[in-house]
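These notes are about the structure you will find just below.
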């Protein structure tokens with residue numbers, strides 16, 4: 001998986017701080033997560049081909065997470081898009097986007113499909129051969145979901161030396177990659193594990209923004225490889241967190257520790273702080289493997 | 001008047017080309033004209049104080065002219081605005097903006113007043129002691145207005161030497177500035193023109209975007225000091241202009257010439273052209289006083 005942060009600052013877009021949006025690449029598919037104002041410019045700056053995005057996931061309907069969506073959808077049309085675009089987001093998103101397009105008398109010339117969410121329980125919202133996406137119900141001021149991306153187990157890797165040694169014909173190779181044993185012409189059964197290697201372990205990524213501290217999400221994100229958890233505040237502004245239903249860096253780290261995740265990426269920083277390094281320092285007092293999101297930064301895992 | 005171009009390119013926002021938005025300053029009042037996506041970032045880059053904007057004029061409801069409005073209105077709230085904000089724009093704008101705010105359960109904490117326009121005739125939509133704003137009905141694919149800003153005639157300027165010579169008491173100064181004669185204690189009437197100078201001539205600015213070539217607007221913009229007229233295309237793409245209801249640089253210049261305006265500013269360039277200098281060259285074959293809008297550029301008149 002490759003994660004590119006397009007924006008990771010709270011509230012209003014500024015010259016150098018973009019609101020939430022990120023692109024997750026899984027086996028050549030691009031998933032856009034949230035779409036604050038200016039996302040399309042950030043996509044251009046990162047030289048990400050618009051046509052490769054087919055699925056957009058919107059966590060909640062605060063402006064800093066979706067005000068870039070009408071513009072992006074319009075730009076897809078201007079670029080001559082023909083392929084389906086799927087938008088997953090809270091109930092109401094379809095009416096809002098449709099109204100904006102209708103006012104401009106500008107419909108899409110590609111299929112635009114909305115998948116509106118209103119469940120308070122986690123549910124699988126997308127699945128194909130490569131990835132499964134589930135919601136992570138969060139606790140914010142309005143209805144909000146995080147998203148869990150789980151790679152599906154891939155094909156086994158052929159052991160080229162072993163198939164040569166046993167004289168296995170190449171017509172069996174696809175079966176071997178699918179996990180099947182091989183019966184040779186002499187009737188001998190060769191166990192699949194002698195002919196192939198385990199596939200790379202599937203990776204998982206959980207996006208959790210915006211939310212106050214809630215242990216309800218721990219079973220859903222247990223042992224994920226990478227957790228992006230919002231950290232709007234530091235503990236010095238502790239009192240603001242429950243009031244605005246956001247988290248501190250320490251709270252994000254506590255969730256990461258309790259869920260035994262591999263790595264924690266922090267983001268959604270309030271712009272009141274001089275340096276985002278303070279978020280890392282605070283989180284590392286609780287959990288060791290912390291990285292800081294920043295606009296334009298990439299993570300591979 | 002001082003005009004600051006925040007964005008002047010057609011269609012989609014790009015890294016270096018912003019969609020339409022401009023700020024017109026008239027005697028310390030700031031008027032925002034159109035509000036494409038990213039306008040609030042452009043305002044910050046130009047170091048324009050958000051709180052000084054009280055009136056926003058939206059020409060039409062294509063995305064590149066108003067998709068920045070929900071974000072700007074939300075940011076005003078986050079900045080603690082208390083004063084009224086007036087938004088003038090086509091019918092439907094109130095429902096759209098209100099829906100976006102409602103979805104985020106985020107209302108404004110300042111009075112937000114919509115003035116919806118649907119007249120096909122020019123009408124005065126704002127007037128105070130300093131300025132009068134009227135609509136300029138344009139011909140585009142959807143209902144569109146340009147806006148004419150006319151400074152009101154200011155106070156006369158006191159002739160300090162003359163009032164001393166005639167021994168006029170300062171209690172008469174305000175009357176003199178308002179154009180009144182003075183009757184001295186000895187009964188002598190002093191003509192106002194002997195005591196004061198004419199005020200600076202009032203300036204006028206007409207914003208006309210987006211529109212196809214239409215001579216209907218000429219009586220409305222006759223002899224304005226500065227005309228901003230869209231020039232999406234060059235004559236080399238002549239056929240596209242009526243089809244998309246946009247203008248070429250030559251057409252914009254023809255309007256400027258026929259309306260006998262003082263200066264023509266071109267903008268709303270299609271991003272298909274390598275250099276915007278071509279627009280100036282083409283327009284200058286028809287009309288001599290042409291300037292090019294560009295993002296961040298200012299004009300004083």
Restricting things to alpha carbons, tell me how big segment B:200-301 is in terms of Rg and Dmax, in Å. 12.7, 44
Cβ-derived FRET efficiency at R0 30 Å, residue B:15 paired with residue B:239, nearest 0.05: 0.50
By average C-beta atoms within 10 angstrom, highest first, the peptides A:164-173, A:247-256, B:249-258, B:146-155: A:247-256, B:249-258, B:146-155, A:164-173
Cα-based Rg of segment A:3-153 per 2.2 N^0.38 Å, rounded to two decimals? 0.99
How far, in nm to one decimal, is residue A:49 from itself in the other copies if the label point is set 7 angstrom along Cα toward Cβ? Shortest first, please. 4.9
Taking every pair of distinct Cα atoms and averaging 1/r, then inverting, what Kirkwood hydrodynamic radius in Å comes out for segment B:120-247? 17.9 Å
Under the definition of Cα pairs under 8 Å and six or more residues apart, what whole-number percent is the relative contact order of chain A? 16 percent
Mind pulling the angle between the C-alpha long axis of helix A:93-103 and the longest principal axis of chain A? Nearest 10 degrees, somewhere in 0 to 90. 70 degrees
Teacher prompt: residue A:2 distances to equivalent labels in other copies, 7 Å Cα→Cβ, nm: 4.6
Please give the direction-averaged projected area of the C-alpha convex hull for segment A:157-197, in square nanometres with one decimal. 2.4 nm²
Segment A:62-139 to segment A:158-188: how many Å between their Cα centroids? 45 Å
What does the copy distance list look like for residue A:257, label position 7 Å along Cα→Cβ, in nm and ordered from shortest? 7.7
With 10 angstrom as the radius, rank A:291, B:116 by how many other C-beta atoms surround their C-beta, starting from the fewest. B:116, A:291
Cα convex hull of the protein assembly as shown: how many Å³ per residue? 195 Å³
In nm, what is the difference between 0.36 nm times the number of residues separating residue B:186 and residue B:108 and their Cα-Cα distance? 22.0 nm
What is the percent of Cα-Cα separations in chain A that go past 28 Å? 43 percent
So how far apart, in nm, are the two label points at residue A:170 and residue B:116 if each is 7 Å from Cα heading toward Cβ? 6.9 nm
Would you compute the Debye intensity of segment A:1-55 from its alpha-carbon atoms alone, equal scatterers and no solvent, and pass along log10 I(q)/I(0) at q = 0.12, 0.13, 0.23 Å⁻¹ to two decimals? -0.24, -0.28, -0.83
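Read-outs throughout are calculated quantities, based only on the coordinates presented, and are distinct from any laboratory measurement. The model shown is predicted, which means the values in this text are computed figures rather than measured ones. Virtual Cβ from ideal backbone geometry, glycine too; neighbours counted across all protein chains shown.
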